[in-house]
Amino acid sequence: QKGYVFVSETDTELLAHLVQDLHLQMPEADWAQIVALALQLVEGAYGVVFLFQDEPDLLIGARKGSPLILGVGVGEYMLASDASAIIEHTQDVVYLREGELVEIKRAGYKVHT
C-alpha cells in the first residue's frame, strides 16, 4: 500500500522499512526514539544494527533474544553477536542486556534500556 519495494524475503528488510515509515510519520523524533518504537511493534528475536543515510556518523544496535556486543576500541566502536569476532581488536566490551539499545556516535555511545 505504501509503495515499498522488497528485494528479499527477510524480516530485517521489513524492519528497515518500518523504521523508515515511522521516520516519515514522526520527522521531529530522533533515530533512537524511532528505532525503539519500531522494535516495540515487532515480535520475535533480533540482534540488529541500523545505519542512517542522513546521519552517517550514527549506528544504533539493539537486541532481544539474540546476543549483541559493543566493542570499544581506540577511536572506534564495533558491534558483533559474539566476542570472538572482535577480541583481536579490543578487550573492552559491553554486553547489551535483553531489550537494550545502543546509540553510537563518533564522540561516544549511550545505552538505552
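The values are calculated or read from the model by the stated rules, or taken from the named source; none is laboratory data. Note that this is a predicted model, so its numbers are computed, not measured. Positions of Cβ are generated from backbone atoms using ideal geometry, with glycine treated the same way; all protein chains shown enter the neighbour counts.
Against the numbered list (1) in contact with a helix residue (DSSP H, G or I) (Cβ under 8 Å, 6 or more places away or on another chain); (2) closer than 27 Å to VAL93 by Cα; (3) among the hydrophobic types (A, V, I, L, M, F, W, C), LEU18 comes up short only at (2). Here GLU100 meets each of (1) farther than 20 Å from GLU13 by Cβ; (2) buried (at least 16 other Cβ atoms within 10 Å of the Cβ); (3) in contact with an Asp or Glu (Cβ under 7 Å, 6 or more places away or on another chain) with one exception, condition (3). In region 42-63, the qualifying residues are those that are touching an Asp or Glu at 6+ places or on another chain (Cβ under 8 Å) and small (Gly, Ala, Ser), and the one that is surrounded by the most Cβ atoms within 10 Å (Cβ to Cβ) is ALA62. Could you check, for region 60-80, whether at least one of its residues is touching a Pro at 6+ places or on another chain (Cβ under 8 Å) and of a type in the set (Ser, Thr, Tyr)? The answer is no, given that none of the residues of region 60-80 is touching a Pro at 6+ places or on another chain (Cβ under 8 Å) and of a type in the set (Ser, Thr, Tyr).
The residues of region 64-82 that are under 13 Å from the mean Cα position of the chain (by Cα), over 15 Å from LYS105 (Cβ atoms) and buried (at least 19 other Cβ atoms within 10 Å of the Cβ), listed by number, are LEU68, ILE69, ALA80. In region 42-61, the residues that are in a loop (DSSP other than H, G, I, E, B) form Cβ pairs under 9 Å with partners that are buried (at least 16 other Cβ atoms within 10 Å of the Cβ) and at pLDDT below 95, at six or more places apart or across chains, as follows: VAL42/LEU15; VAL42/LEU18.
Given the criteria closer than 24 Å to ARG106 by Cβ, modelled with pLDDT under 95, loosely packed, with under 11 Cβ neighbours inside 10 Å and not small (Gly, Ala, Ser), does GLN20 qualify? When the stated conditions are applied, GLN20 does not pass them. Which of the residues spanning region 23-41 are surrounded by 10 or more Cβ atoms within 10 Å (Cβ to Cβ) and within 14 Å of the chain's Cα centre (by Cα)? ASP30, TRP31, ALA32, GLN33, ILE34, VAL35, ALA36, LEU37, ALA38, LEU39 - these are the residues of region 23-41 that are surrounded by 10 or more Cβ atoms within 10 Å (Cβ to Cβ) and within 14 Å of the chain's Cα centre (by Cα).
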